[in-house]
1. Name the strands (runs of 3 or more DSSP E) wholly inside the stretch 503-587 in which the number of residues that are over 14 Å from G481 (Cα atoms) and in the same structural domain as T458 (by TED's automatic domain parsing) is 1 or more.
2. How many of the residues making up the stretch 413-440 are touching a helix residue (DSSP H, G or I) at 6+ places or on another chain (Cβ under 8 Å), in a loop (DSSP other than H, G, I, E, B) and buried (at least 19 other Cβ atoms within 10 Å of the Cβ)?
3. Has the stretch 63-73 got at least one residue that is closer than 26 Å to E145 by Cβ and modelled with pLDDT of 90 or more?
4. (1) without any contact (Cβ under 8 Å) to a residue 40 or more places away in the chain; (2) over 13 Å from F124 (Cβ atoms); (3) in contact with a helix residue (DSSP H, G or I) (Cβ under 9 Å, 6 or more places away or on another chain): which one isn't true of S84, the others all being true?
5. Within the group E135, E145, which residue is closer than 18 Å to Y125 by Cβ and among the acidic types (D, E)?
6. Report whether or not S528 is under 30 Å from V417 (Cα atoms) and in contact with a Pro (Cβ under 8 Å, 6 or more places away or on another chain).
7. State all residues of the stretch 524-548 that are free of Cβ contacts under 8 Å to residues at least 40 places away in the same chain and buried (at least 19 other Cβ atoms within 10 Å of the Cβ); if no residue qualifies, say none.
8. With F552, F526 as the choices, which residue is aromatic (F, W, Y) and either touching a strand residue (DSSP E or B) at 6+ places or on another chain (Cβ under 6 Å) or at pLDDT 90 or above (or both)?
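The values are calculated or read from the model by the stated rules, or taken from the named source; none is laboratory data. The shown structure was predicted, so the numbers you read here are calculated from the model rather than taken from an experiment. When we count neighbours, we look across all protein chains shown, and the Cβ atoms used for this are built from the backbone with ideal geometry, even at glycine.
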Amino acid sequence: MSEETRKFQTEVQELLNLVIHSLYSNKDIFLRELVANAADAIDKVSFESLTNPALKADWEIIIEPDKERSLLKISDNGIGMTRSELVENIGTIAKSGTREYLSTLKKNESKDIPELIGQFGVGFYSAFMVADKIEVVTKRAGSDEKATRWVSKGESSYTIDDADASEHGTSITLHLKPDCKNYLEEWKIREIVKKYSDFIEHPIKFVGIKKGKDEAVSEEKPIINSQKAIWLRPAAEVTEEQYKQFYGHLSHFDAEPLLHIHYAAEGTAEFKALLFIPSKAPFDFLSPEQQKSGLHLYIRRVFITDSCPGLLPEYLRFVKGVVDSSDLPLNISREILQENPGILKINKNLVRKIIAELKSLFDKDREKYSSFFKDFGRYVKEGVHSDFQNRDKLLDLLLFETMNTSSGKTVSLKEYVEKMPPGQKEIYYLSGDSRLLLENSPHLEFLKSQNFDVLFMTEPIDEWVVQSIPEYSGKKLKSAGKGEFELDEKTKTEKEDKTRKASEEHKNLVEFLKKHLENDIREVRFSSRLTESACCLVSNEHDPSIQMERIFKAMNREMPKMKRILELNPDHPLIASMQNFYDKNPKDSKLAEFAELLYDQALLTEGIPLSDPLKFSKRVAMLMVGGINSEIGK
């Protein structure tokens, strides 16, 4: 095919502009990314060679500086790319989340940007930090298609053409910028490889250009990475710095891991694992690309895949690491891999070990665990909902803010139960969008008066989690916004007598409210839960909560409208005033407006938007006018 010029995808142009025209504190990152890409390419062809022996080779990555011409070449004999794959992988960014990535680059200060580059699979473009022109020559392993050359100066377009290359693999030649000549120095290359790529299992070779009498000749130097599979070494021989470096290599994230698990399993399943619990979530953690399993699977040191969902349950997808099995067959296909019984055995071992390590952290360093839970607690909660076998252990790892704790402070379910006063029979919780909304909820008024505490659940997943926790330590979990409270006999009798008396005294008013609000509410009754507010909305015991309705609406999913119970405070002066107004003239049109204002007030205390806020504001304004005139007339 003849040479052609193509335009970059819009997102790529934006990315290149940011890379080329911004200032960076750590340009070394480019070499880490190119070496990592080369290692991935070798991993892929190595796997294909298991079923196609013709592809076998002495895998290697070569770094070749040319000081005379200011060129730096990074090459590998990996899988390579066809012409169309090259266009797809470099001319466009097909991965989801790219716009979020670009947005983050723009928002972050320049010193933080290089650490973000590797996280979205766009590491190739980081080479434009140091090069004003890049040439790529690549040939796909196992393909009869010719090699392809790709050239760009990082502007709006690139050229692509056929190339001469007999062996599969990829070579990337960087025309270095004048201020980046230090990347031609052997000491600098060794320094970067040692820091970021020392644990890559394929040899990284340094080839210097030595000028002879007549022409320049290549001079191969020793391998510059250790190639030591860190997960196969005894834990006592690995330093904390080496663990940190390996975590950075796996995660493309420069933050230190919270903890590591260096584990060798023997018996029914023999494997070695090195797992990392992150100290904080990367900015793109919720992107679809990050939602797959974070474990790399090797079989007898042969890389198989970096996406094996069966190795860990989905709720532990934040865990990074390597698993190397000596039991699994090398010729297994990736498609049926997770169905293998050996994978299930590994899964059970890893889950048990991870939960045990998190519990140990919980017990020994609560502050550090709380920091972890802030970023990853929603995934532990997901496990409570989905992992029945380990549910009880996961329950002990949950943390919640409560009505009686200050903002940011949390308690476990066990700690909550231990502090329950003698008269409290249930574990109370309330769900909503924020602590501020919950701590001002009228549903808490009676519970406050009894010195009971209430768990605050402010994450969407909490609504699903509580469905999986009917009880804890023999105590039933009870929503403060549903049904009736279970009280001791004395308190129960007192409350029942008061509500019975109020129901008789205000019977006609209650009937009026039921009839006028019948399209919105199921029932009107007097409440045992209110001590200060005039009213609130309550769900039946087994109805979906108001928060669940909000979640479904946010997901654009239909849910039938649930009519709720309007509860009234028998001691509130507003109820007495409405009764007097009703007794004076039960057909007064203002009574209907007061009824609707009462219902709107109940909606607002739940954080539910009003259907007609303008009408509400006009009614409140008129009430204010009446109140002010009354005060003036005194």
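1. none
2. Going through the stretch 413-440 one residue at a time, the tally reaches 1.
3. Yes: one or more hits.
4. (3)
5. Unique residue meeting the criteria: E135.
6. Numbers: under 30 Å from V417 (Cα atoms): yes; in contact with a Pro (Cβ under 8 Å, 6 or more places away or on another chain): no.
Against the criterion (under 30 Å from V417 (Cα atoms) and in contact with a Pro (Cβ under 8 Å, 6 or more places away or on another chain)), S528 does not qualify.
7. Selection gives nothing.
8. Checking each option against the conditions leaves just F526.
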